[in-house]
Amino acid sequence: MRRAIQPNNTLIVDGPASVELISGKAEVFGCPFNELQRTVVREGKRMPFFASEPSVFDVVLGAGATMHEIEGNTVPETWNRPIQIVLGVEKKPLVILILGTSDSGKSSFCTYMLNKMIAAKRRVAILDGDLGQSDIGPCATVGYAIATKPIVELYDLRYQNGYFIGVTSPPTAVAKTLEGLTTIMNEATQRQADVIIINTDGFVSGIDAIRYKLSLIKELKPNMVVGVQINDELATLMSYLGGGGVLTVPSSPALSQRSTEKRRILREMTYAKYLRKSKLQCYPLSQVSVEPRGAVPKNQDPEKGVLIGLYGWGNRFLGIGVLRAINTERRTLKVQTAITTTPHRLIIGKVLLNRKLQEIQG
Ligand SMILES: Nc1ncnc2c1ncn2[C@@H]1O[C@H](COP(=O)(O)OP(=O)(O)O)[C@@H](O)[C@H]1O
Ligand SMILES: [Mg+2]
């Protein structure tokens, strides 16, 4: 379906949809969107196409998808402030940590900042610390990517390396997430990035969340902390930070909040992405170590597969798999995975996936 958009207005598309720019000039979170360029808007995601010139789009809407035109740009002008500050600092690498509740626009802000950094010829590393709604790598892991060109969403970046956490709910894995982010931060720092952007999870309220975020800041030592805030939900957390390098920006008025169901669908999409072309591999227990100790279940229902992390030599994270069967006599594990390298260590997580890779409750 063709849709003409006035200059300086935004076409908002709620996926699942596919959008192509037929004529004109547009951008998505600061990423140039050129004529004949097409992008997919995933289910549960909203993408804003800001038309800097009169533009015509060809939009294919999937089931339940919608679109509408909004006056102006949905990226708040104030999002440019932290970007201007970062571009004015010589120090390398400059580390920026993003805070915000669920669905406040953290990933969108990261995307916008990343695109502006790329436009200013900066080399960017981005760490994804949001295990419940991962953009980079599968959910239940933290990971990082290096960006060399502008992107419409972080999901398009190539996963460089990660760390398996095994759960998707941040409060249940605070220590592990801290360890994971510190580990990948050390690696990302070696990659000669000018700017390192760290996205975090939406666990920001209550004493446990505040303690966790303060530990994260202490460990990762960001030069700047940017809070993306809908109302004043970050007030308590930010009051502990104070001082220089701490900034709050408002969420976009065009924010779209996701239902629990949509959040689950988005998580399942990440498992499917990293289990594409997966096969059943058989690992003898004599050749792999399994963690945590005693975590190998006695029997394994293939319909209730357990998400696992596969590691190679030297702590190299290979990727994810799903434990589907156990042969106690032969002492072997059957694991559905796309990884073809032989793992040396398996870490058993807590997420359960059926054969369609849908999450199921224990
Ligand atoms: N500036 C914006 N313009 C249009 N849509 C936005 C904007 N900021 C966020 N959104 C939409 O709101 C939803 C939630 O934002 P997201 O960045 O995914 O939040 P978070 O990472 O904090 O969970 C997304 O679908 C996103 O596309
Ligand atoms: Mg996000």
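Values in this text are rule-based calculations from the coordinates and carry no lab data. Because the structure is predicted, anything quoted here is derived from the model rather than measured. Glycine also receives a Cβ, built like all others from the backbone with ideal geometry; neighbour counts cover every protein chain displayed.
Numbers at a glance
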{"item": "Sequence ranges 334-341, 216-223, 239-246, ranked by mean other-Cβ count within 10 angstrom, highest first", "result": "334-341, 216-223, 239-246"}
{"item": "Scattering profile of segment 77-250 at q = 0.09, 0.16 Å⁻¹ [log10 I(q)/I(0), Debye over alpha-carbon scatterers]", "result": "-0.25, -0.87"}
{"item": "Dipole of the chain [Lys/Arg +1, Asp/Glu -1 at C-beta], most positive-end residue of ASN199, TYR240, GLN160", "result": "GLN160"}
{"item": "Size of electric dipole in segment 292-362: Cβ of Lys, Arg +1 and of Asp, Glu -1, about Cα centre, debye, nearest 20", "result": "140"}
{"item": "Helix-derived mean residue ellipticity, 222 nm - over the chain, DSSP H n ≥ 4, -39500 (n - 2.57), to 500", "result": "-6500 deg cm²/dmol"}
{"item": "Principal semi-axes in Å for segment 203-252 [√(5λ), Cα gyration tensor, largest first]", "result": "16, 14, 9"}
{"item": "Total formal charge among the other residues, if their Cβ is under 15 angstrom from that of PRO93, Lys/Arg +1 and Asp/Glu -1", "result": "+4"}
{"item": "Cα long-axis angle, helix 260-274 against the chain (0 to 90 degrees, to the nearest 10)", "result": "70"}
{"item": "Inter-part distance where segment 15-41 and segment 304-362 are each reduced to a Cα centre, Å", "result": "37"}
{"item": "Charge dipole magnitude, Cβ of K and R +1, D and E -1 - the chain, Cα centre, debye nearest 20", "result": "1360"}
{"item": "Segment LYS350-LYS121, length gained on full extension (0.36 nm per residue, minus Cα span)", "result": "78.3 nm"}
{"item": "Positive-pole candidate from ALA145, GLY105, MET117, dipole of segment 84-153, charges at beta carbon", "result": "MET117"}
{"item": "Residues of segment 53-95 with amide N under 13 Å of a point placed 7 Å along Cα→Cβ from SER256", "result": "60-70"}
{"item": "Reciprocal mean inverse distance between Cα atoms of segment 275-360 - Kirkwood radius, Å", "result": "12.7"}
{"item": "Options SER18, PRO32, SER55, ranked by Cα towards positive dipole end of segment 2-71, top entry (Cβ charges)", "result": "SER18"}
{"item": "Model label zone, GLU187; criterion: amide N under 20 Å from point 7 Å along Cα-to-beta-carbon; scope segment 302-319", "result": "307-319"}
{"item": "Label-zone membership for segment 1-24, site SER52, 7 angstrom Cα→C-beta point, backbone N under 14 Å", "result": "7-9, 24"}
{"item": "For segment 188-272, convex hull of alpha carbons as volume per residue, Å³", "result": "155"}
{"item": "Whether segment 21-123 is rounded, prolate or oblate, judged on the alpha carbon gyration tensor where a/c under 1.5 counts as rounded", "result": "prolate"}
{"item": "Convex hull per residue volume in Å³, alpha carbons only, for the chain", "result": "137"}
{"item": "Within segment 77-250: Cβ-based charge dipole about Cα centre, in debye rounded to nearest 20 (Lys, Arg +1; Asp, Glu -1)", "result": "640"}
{"item": "Over segment 94-186, volume per residue of the alpha carbon convex hull, in Å³", "result": "89"}
